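Every number here is computed from the coordinates shown, using simple stated rules; none is lab data. Small disclaimer: the values here were computed from a predicted structure and weren't measured. Using ideal geometry, Cβ is built from the backbone for each residue, glycine included, and neighbour counts are taken over all protein chains shown.
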Amino acid sequence: MATAGRLLTRDEVLRLLFGALQPLLEFDAVASVQCRNGEDRFTVFAARPLQMRFAEELAGEVLEGLRRFSGESHQKCTRQPVEVLPLGKEAAAGRESWAGPAGSVIDAPLIVGGRAAGLVRVVAAAANAFPAEKSAIIYATAQQASAFLEQLEGVALADRRLAESLVNGLQDGVLIVDREMRTVLSNSAGGALVADLTGRAMAPETTVQGTPLEGLAREAIAHPGTTQHQDYSLTEESQRYLSITATALGSTEEGAVLVLRDVTEEHLMQERLLQSEKMASVGQLVSGVAHELNNPLTGVTGFAQLLLNRDLDEQTRRDVQTIYNEAERAAKIVQNLLSFARRRKAQKGLVNLNTLLERVLELRSYDLRVKNIDLELDLDPRLPLTMSDPDQIQQVFFNVVTNAEHAMLSAHGRGKLKVRSRAEKGFVHLSFIDDGGGIAPENLRRVFDPFFTTKEGGQGTGLGLTISYGIVDDHAGRIRVESRAGKGATFVVELPIVQGPELPPPESEEEIEPAKISRRVLVVDDEESILALLRDVLAADGHRVDTARNGEEALTHLAEHGYDLLITDIKMPGMGGQALYQRVKQMDSELAKNTVFITGDTVSAETRNFLQRVQNVCLAKPFKIREVRETLNRLLGDN
């Protein structure tokens, strides 16, 4: 081991420890003064170019700090020439050097042999750069440096176990390699990460040749004073990432220090933010389409309900019921399209996710069986209850199972699907493991993108997994995929274990009795089918109904008649529902209270903000006849 035979210098101790911290804490410089046997040394370790005048000012301030801290011990210490050494990330070539002032500073003493032997000042240009948790790390590192400096009085660097113990407290992995790429020392975190990276356990003089570490280390040795950096994915099929930095250690003959950090969570957070942005933009497009679909669906479902209330022969009743059921199915599809656009707040309650899984798989079991897909369940019977929206979560399960089915059939016309559930570290983990053709590396990160599909035309919309992503994200969970081409895929749904009240029982579907007293109602909507539907429903209940196609026409009616109730669409050509409501407030405050809004757009921020301000009743299209009657009875009474 090329560097094992000599002691580290005091400056090298500070540069090693604080250099390992710099990528984490992002400070700009560390100024130190060390006094040993009357020999004073002033050093500034710079993570960016410094003007010498500013470096000398820092050294002077650190000396004054040491004098204040130590009392009489260092009053005779004198200023010595300041040496500026590189530390952490260097400034880009041509960047203007830093002349101060410092925005944030932290002073930490160096205690050796029970006495104040020096002081370090950690400096950042930004204000408020050192919150409590970062300050604690700096003080702890100064304590480690003190211990190391004390041991340097008689301990050689060759004592690997001592050297490792001094850096084992660091959360990041730290390795020192010599010019032959042999490991001189490493902490436990570094050993674990290198083992993950190379596939073999760390051992004395383990070489990093043939790994991404070698290229960075050699580049750092070839360019002293610079920091080399690379983000690295451990394997193609996993979602785990390392951030690796390398800096030359001492002279170019000594080797390099490598700092490894697991940045998986940061990468996944970036991907989730990017996915959220994609979903938000596509959500606006889908919400507009869904709004246009909700208007005709309201007419279809509404008139089907009117017909079902009439005396029909059995064949006609079955036909109308089929029309109504299919329209309801289309309405649910629209709701699913809007789920990631936050059409409605999740209706969460305590549920057993095993039970939801079993319901979905029971519905799909026959179809899977006839397609020669074997189903294997491995469900934890002790799975805790958690707060979830059962309808939305079942939709996620349905989408994932359907995706797995298509993958297996496309690969070899049959397959095996294993579904398992486990509870671990506050989360429920639900895994769907198929033996299909797997996912190509270039597609692995696109599976949750809106409209992305590898299926042939007409076999998929590319929205199923996108919708699932939005639902799981709304539950503060995560959905991810692991796969290799030709080796199948595993989708994992992770949902937090949250306690809360059980879901209320579903509302009764019993028919609501019409109000007993006739009222005068004005209905405003630009859709002729919705005007006709509400006119027929309310007239059949004995009310007097007028209709208008926009706000201006509604104002004409209001000028001629008094009304007990106003039902108006929010978005219409010309004067819309919002502007009409403001005029009604000026004309008749009581009618303003008895105004009911109807809309097929509950997604847009404008609509949501308006409804929150006015707090009037709003019926989302397509609505049911019973909802109209319930609203009228609640606002006007049924006597």
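What the table below lists for this structure:
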read-out	value
Normalised alpha carbon radius of gyration of the stretch 10-156 [divisor 2.2 N^0.38 Å]	0.99
Ascending count of other beta-carbon atoms within 10 Å, so fewest first, for HIS229, HIS74	HIS229, HIS74
The stretch 349-496: Cα Rg divided by the 2.2 N^0.38 Å rule of thumb	0.99
Long-range amide H partners of ILE598 with built H, under 5 Å	THR568, ASP569, ILE570, LEU619
